[in-house]
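These notes are about the structure you will find just below.
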Amino acid sequence: MKSPSTRAKPATTAHHHGAASTLLSGAGVRVTDARLNVLSELLSSHRALSHLEVQDALPDMDRVTLYRALDCLTDAGLAHKISGDDRVFRYSTGSETAGNKDHPAQHQHGHFKCTRCARVFCLDDAKQPPGLREQLQATLQTTLGRGFQSHDIELTIKGWCADCAK
């Protein structure tokens, strides 16, 4: 299985570092090299990355520091953690607005998972039909009755990515 590179080109690395620094500061998170590098890597990717993929992209960073940086970014609402049926967590910045420590950004969009190569892609909120969350909430209440309120929506569409469908 071939996996296309998700690494940023050197010309765009500075752009991603600048954006990462701004996001970290805006979320009230102390800017460290580890957090900056991990967030930059997630921002430069066009898909969700596993811990191992981030580790491969940042080989000089030790595993514990990487886990701590990912946890910090997730807690701050700058990235979200996607649980897969393969028991591998993947991380993405997605398209949602960054939150803060008191009100992290809700992870309210769908994902596409390729069942051949296991890559996971976020379905950007802007590309979803308007009112999808409201439709799902209405379906929840119609199906289960009044009083049920969702706080998180996990929607995964499975199929083959463009590379694997060839």
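Annotations
- Proximity of backbone amide H atoms, modeled 1.01 Å from N, is registered between His111 and Leu123, Leu155, Thr156, Ile157 at under 5 Å, excluding neighbours fewer than 5 places apart on the same chain.
- Residues whose amide H falls under 5 Å from that of Ser50, counting only those 5 or more places apart or on a different chain, are Tyr91, with hydrogens built in the peptide plane.
- 3J(HN,Hα) from dihedral phi, the stretch 63-78, Karplus parametrisation 6.51/-1.76/1.60, rounded to Hz, x for glycine, proline: 4, 5, 4, 5, 4, 5, 5, 5, 4, 4, 5, 5, 4, 7, x, 8
- Estimated at 0.36 nm per residue, the fully extended path between Cys164 and Gln135 surpasses their Cα-Cα distance by 7.3 nm.
- Residues in the stretch 39-44 carry Karplus couplings, in order, of 5, 4, 5, 5, 5, 7 Hz; the curve used is 6.51 cos²θ - 1.76 cosθ + 1.60 with θ = phi - 60°, and Gly or Pro positions show x.
- Amide proton proximity set for Cys117, modelled H, under 5 Å, gap of 5+: Cys161
A short reminder: the numbers here are calculations on the coordinates, not readings from a lab. Please read these numbers as outputs of a predicted model, since none were measured by experiment.
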